[in-house]
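Asker: Below you'll find the structure I mean.
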Amino acid sequence: MIPLEVVDKNFNTNRQDNWWFEPTVFAIAFITFAIYSLSVVLFDFDAGRAASAPNLAGTHYNSPFYGPDPGFIFPFGLPFAFFTLWAPFGFRGTCYYMRRVYYRSIFPVITTHGPPACAVDGMKAFKGKYKGENAFPWILNNFHRYFLYAAMLLAIFHWYEAFNSTRFTEGIGIGIGTMLAFIDAVFLTLYIITCHAFRHLFGGGVDRQGSFTNKIWSKISKLNVHHGKFFWASLISIWAWDLYIRLLSYGIVSDYRVIF
Ligand code: FES
């Protein structure tokens, strides 16, 4: 039996297990993904689009970070995708599950209000800086339900790109890229429909026992317990699809496909 008393010093605890493993892995994955997505949008834009990457010619493979891509380039060379990043970042950044991730993995090193795990103390160095979700910027988390609508639109774009990826110069087919695009669309959809705010649309605060919406709410509620898994599955599948496009684009791998 692990004693659970908290000792009042930085990250002190009597826990004997590797409590630090999960928050550390989550922090590395989250920060790496944020740097990767910003970098490809800002500095490697053309390599992710069939219209501008020679090695993608003959396909309709487009990076999931760019959809919808009207091809606009704004002043200072900033691509349109830079201005649409707010939607996925806003949705994921205010996600209830995501909050748990950064409250446990990143906050503990900058505030006292983010113990990284049960019965583990936070750091004391920055005591008093955190004001909860009552002050900027964390009060913006309350906009999650509105980011949901933007995310639903994004899901439509991802499905569009998935079906678009079945089109090749030789005809309709399925390539490795197509499969990755559909996996991405499926996991993004599962991530969105298991969102707490989405679930609330069908059952929140209203007595609808036995109604159609109540049945949907019950089904979503069963899936909702897996929301965290869908969060990571969706993040990894977006990453995989984008990375694959870039490997193709740079001629590092070849696409295998079947044309019907
Ligand atoms: S709670 Fe995670 S996306 Fe809404």
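Asker: Give me the 1.4 Å probe accessible area per residue for the chain, excluding ligands and nucleic acids, in Å². Before the final figure, lay out the partial values.
Answerer: Values: 14220 Å² over 260 residues.
Roughly 55 Å² per residue, with all protein chains present.
Asker: So, one more: Over the heavy atoms of Thr213, what accessible area does a 1.4 Å probe trace out, to the nearest 10 Å²?
Answerer: Result for Thr213: roughly 40 Å² accessible.
Asker: Hey, in the GNM for the chain with a 10 angstrom Cα cutoff, which one of Leu201, Leu56, Leu248 fluctuates hardest?
Answerer: Leu201
Asker: Further, regarding this structure: Within region 154-187, what residues put their amide N at less than 16 Å from the label point 7 Å along the Cα-to-Cβ vector of Ile236?
Answerer: Inside the label zone: 180-181, 183-187.
Asker: How large is the helix-only mean residue ellipticity at 222 nm for the chain, computed as the sum of -39500 (n - 2.57) over DSSP H runs with n ≥ 4, divided by its residue count, in deg cm²/dmol to the nearest 500? Working shown, then result.
Answerer: Working: 9 runs with 130 residues, N = 260.
For the chain, the value works out to -16000 deg cm²/dmol.
Asker: I want to check a number: in the chain, how many lysine pairs have alpha carbons closer than 27 Å, given a sequence separation of 8 or more or different chains? Mind showing how you got there, number by number?
Answerer: On the way: Lys9/Lys124; Lys9/Lys127; Lys9/Lys129; Lys9/Lys131; Lys215/Lys229; Lys219/Lys229.
For the chain, qualifying lysine pairs total 6.
Asker: Which residue fluctuates most in the GNM of the chain (Cα springs below 10 Å): Arg15, Arg104, Arg246?
Answerer: Result: Arg15 has the largest fluctuation of those listed.
Asker: Can you work out the Karplus-derived ³J(HN,Hα) for every residue in region 136-145? Use 6.51 cos²θ - 1.76 cosθ + 1.60 with θ = phi - 60°, whole Hz, and x for glycine or proline.
Answerer: 4, x, 6, 5, 5, 4, 5, 8, 3, 4
Asker: Toward the positive end of the charge dipole of region 179-244, about the Cα centre and with charges on Cβ (Lys, Arg +1; Asp, Glu -1), which of Leu223, Gly203, Ala233 goes farthest?
Answerer: Gly203
Asker: For Tyr256 and Met179, calculate 0.36 nm times their separation in residues minus their Cα-Cα distance, and state this gained length in nm to one decimal. Don't jump to the answer; show the numbers that get you there.
Answerer: Working: separation 77, 0.36 × 77 = 27.72 nm, distance 1.08 nm.
Stretched out fully, the Tyr256 to Met179 stretch lengthens by 26.6 nm.
Asker: When Lys and Arg each count +1 and Asp and Glu each count -1, what net charge do the other residues less than 12 Å away from Ser105, Cβ to Cβ, add up to?
Answerer: Working: positive: Arg99, Arg100, Arg104; negative: Glu22.
Summing Lys/Arg as +1 and Asp/Glu as -1 gives +2.
Asker: Using a Gaussian network model of the chain with C-alpha springs under 10 Å, which one of Thr169, Thr194, Thr178 is most mobile by mean-square fluctuation?
Answerer: Thr169
Asker: Could you tell me what percent of the accessible area of region 217-260 is made up of carbon and sulfur, with a 1.4 Å probe and every protein chain present?
Answerer: On the way: 1740 of 2420 Å².
Exposed carbon and sulfur together represent 72 percent of the surface.
The values are calculated or read from the model by the stated rules, or taken from the named source; none is laboratory data. No experiment lies behind these values; they were computed from the predicted model shown. Positions of Cβ are backbone-derived with ideal geometry, glycine not excepted, and every protein chain shown enters the neighbour counts. When the accessible area is computed, the model is the full protein with side chains, heavy atoms only, and any ligands, DNA or RNA have been set aside. Shrake-Rupley method; radii C 1.70, N 1.55, O 1.52, S 1.80 Å.
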